[in-house]
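Below is one structure, written out as structure tokens; the observations come after it.
Any read-out appearing in this document is the output of simple, stated calculations on the displayed coordinates, not a laboratory observation. Bear in mind that the values here come from a model prediction, so they are computed numbers and not experimental data. A quick note on method: Cβ atoms are made from the backbone with ideal geometry, for glycine too, and the neighbour counts reach across all protein chains shown.
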Amino acid sequence: VESTKKESWVLTVMAQTPTNIAVIKYWGKRDESLILPINDSISVTLDPSHLCTTTTVAVSPSFTSDRMWLNGKEIPLSGGRYQNCLREIRSRASDVEDAEKGIKITKKDWEKLHLHIASYNNFPTAAGLASSAAGFACLVFSLAKLMNVKEDNGQLSAIARQGSGSACRSLYGGFVKWIMGKDDKGSDSIAVQLVDENHWDELVILIAVVSSRQKETSSTSGMRETVDTSPLIQHRAAEVVPKRILQMEEAIKNRDFPTFVQLTCSDSNQFHAVCLDTSPPIFYMNDTSHRIISCVEKWNRSEETPQVAYTFDAGPNAVLIARNRKTAALLLQRLLFHFPPQSDADLNSYVVGDKSILKDAGIQDIKDIEALPPPPEIKDIIPAQKFTGDVSYFICTKPGKGPILITDEDKALLNPETGLPK
Ligand code: DP6
């Protein structure tokens, strides 16, 4: 390392990466350490202004080891998944020169230089909203920029994949396909963008964060148990998903909402069916999740054409995709009718993200929720049931863009002089 400023420099890069929700699910690996899946999957990237990870990475000759902080707390980097990502990124590093700061780092130097990484989620990690997807994507993307890695986002996705499978789909905005690939080493198991976030910009996404008492089985061990014990998963991977992937790609390309709803709901339900087919069975959805499904199914059936798609990952939260703002507002009315907040709640923290949806739904304050009439499609179900407090809060968002660099140094999570958390 050559430096005019006596080895005292710190070089930093900051990036922001979105999270994503699968509409055709990834569930099951054919290689545990490279994280190679048994089927293709398709996701929609969520708007990073509402859900994202921000990461600052720093390098300095004064650092004595690789260190990482997540939401301000130091976490170990010793895990195999972090080590695999760091090794893959380091091996692709190139020369970096910052004439202004008098910094010159050669390709060879990166093997010895240590890194500091600080990451922050703009949403509660505990809510179970795919924080590992945005997190590993952001780690890989920001390190690639710091180290002047020449690879494109597709090749970076194959590195992020080794942190967490679903992370590879967070390297792009819009709708993204993770191609399972054939290579034993995983070189062709990468993400590709199907369409960008402007292609289907009418869609509105409502997430119901469902209160749950119990700790769920992690995706990693859950899918391992499914592959080991479920006879249904073989049929799903070999016969069902390949056809659905083709149909879903067409539906997205043509903005064919009825087909999109049918495929998304069926695939979520089949994912939970293979969980139930696992021995011992895995339950990710709870009563609240099931009630949300019934509410959406009833409404979709009462209309000429489906209005909303639902999908659930490895937890009870519902992700609901509405065809446009108007249907999203009608959906919110229905959800608030069945799942009103506790009486002491504040509306401002009960619906977060794009709050303008509240105005569209005609809700100005908590009293407007109490005054909501029962949805017409449940008129023969008396009394209309209410489940106060079963939803913690709602997030209103939309399809969003992929990773970006952030140049505003005030926002950095690491001090530019010391390379330690601010
Ligand atoms: C249900 O990507 O969290 O969300 O690869 O073991 O880290 P690992 O698992 P992860 O699994 C995500 C599973 C899912 C479906 C999906 O996102 O496709």
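Rounded, prolate or oblate, given the Cα gyration tensor of region 235-282, with a/c below 1.5 counting as rounded?
Numbers: a/c = 4.87, a/b = 2.11, b/c = 2.31.
Since a/c reaches 1.5 but b/c is at least a/b, the shape of region 235-282 is classed as oblate.
Report the Rg/Rh value for region 35-139, based on alpha-carbon coordinates and the Kirkwood definition of Rh. If you can, show how the numbers build up before the last one.
Numbers: Rg = 16.1 Å, Rh = 15.9 Å.
Result for region 35-139 is an Rg/Rh of 1.01.
For the pairs Lys145/Lys398; Lys73/Lys355; Lys101/Lys145; Lys25/Lys73, flag any whose C-alpha to C-alpha distance is greater than 20 Å. Before the final figure, lay out each step's value.
Numbers: Lys145/Lys398 27 Å; Lys73/Lys355 30 Å; Lys101/Lys145 17 Å; Lys25/Lys73 31 Å.
Listed pairs above 20 Å: Lys145/Lys398; Lys73/Lys355; Lys25/Lys73.
Report the residues of region 236-265 in range of a label on Asn324: point 7 Å along Cα→C-beta, backbone N strictly under 13 Å from it.
Hits in region 236-265 for Asn324 at 13 Å: 257.
Based on the Cα atoms of the chain, what semi-axes does the equivalent ellipsoid have, where each is the square root of 5 times one gyration tensor eigenvalue, given in whole Å with the largest first?
Numbers: eigenvalues 317, 126, 68 Å².
Sorted largest first and rounded, they come to 40, 25, 18 Å.
Based on the Cβ-Cβ distance of Arg301 and Asp31, what FRET efficiency does E = 1/(1 + (r/R0)^6) give at R0 = 45 Å, to the nearest 0.05?
Values: r = 42 Å, r/R0 = 0.92.
Once rounded, the FRET efficiency stands at 0.60.
Which semi-axis lengths, in whole Å and largest first, follow from the square roots of five times the eigenvalues of the Cα gyration tensor of region 1-74?
On the way: eigenvalues 257, 65, 25 Å².
With the √(5λ) rule applied to region 1-74, the semi-axes are 36, 18, 11 Å.
With Cβ to Cβ distances under 12 Å as the rule, what net charge do the other residues near Arg90 carry (K, R +1; D, E -1)? Before the final figure, lay out each step's value.
On the way: positive: Arg87, Arg92, Lys107, Lys108, Lys112; negative: Asp66, Glu88, Asp109, Glu111.
Value of the local net charge: +1.
Rounded to the nearest 20 Debye, what is the dipole magnitude of the chain about its Cα centre when Lys and Arg each give +1 and Asp and Glu each give -1 at the C-beta? Don't skip to the answer; put the middle values down first.
Working: 47 positive and 52 negative charges, 84 e Å.
So the magnitude is around 400 debye.
If I take every Cα pair under 8 Å that is 6 or more residues apart in region 1-99, average their sequence separation and divide by the length, what percent do I get for the relative contact order?
Details: 104 pairs, mean separation 27.6, N = 99.
Once normalised by length, the contact order is 28 percent.
Could you go through region 153-161 in sequence order and give the Karplus-derived ³J(HN,Hα) for each residue, using 6.51 cos²θ - 1.76 cosθ + 1.60 with θ = phi - 60°, rounded to whole Hz, and x for Gly and Pro?
Running phi through 6.51 cos²θ - 1.76 cosθ + 1.60 with θ = phi - 60° gives 4, x, 5, 5, 4, 5, 7, 4, 3 Hz.
Setting aside same-chain residues fewer than 8 positions from Lys379, which lysines have a Cα under 25 Å from its Cα?
In chain and number order, the partners are Lys298, Lys326, Lys367.
Extending each Cα 7 Å along its Cβ direction at Glu417 and Lys386, get the distance between those two points in nm, one decimal.
According to this spin-label approximation, the distance is 5.7 nm.
Given the Cα-Cα distance of Lys73 and Asp98 and 0.36 nm per residue of separation, how much length would full extension add, in nm?
Values: separation 25, 0.36 × 25 = 9.00 nm, distance 3.02 nm.
Full extension from Lys73 to Asp98 adds 6.0 nm.
About its Cα centre, how strong a charge dipole does region 1-148 have in debye, to the nearest 20, once Lys and Arg get +1 and Asp and Glu get -1 at the Cβ? Write down the numbers at each step before the final one.
Values: 17 positive and 15 negative charges, 40 e Å.
Once rounded to the nearest 20, the dipole reads 200 debye.
State the extension gain, in nm to one decimal, for the chain segment bounded by Lys367 and Lys182, taking 0.36 nm per residue of separation less the distance between their alpha-carbons. Please report the intermediate quantities before stating the final value.
Working: separation 185, 0.36 × 185 = 66.60 nm, distance 5.66 nm.
Extending this stretch completely gives an extra 60.9 nm.
Antiparallel versus total DSSP beta bridges in the chain: what percent is that, nearest 5? Before the final figure, lay out the partial values.
On the way: 57 of 64 bridges.
Antiparallel: roughly 90 percent of the beta bridges in the chain.
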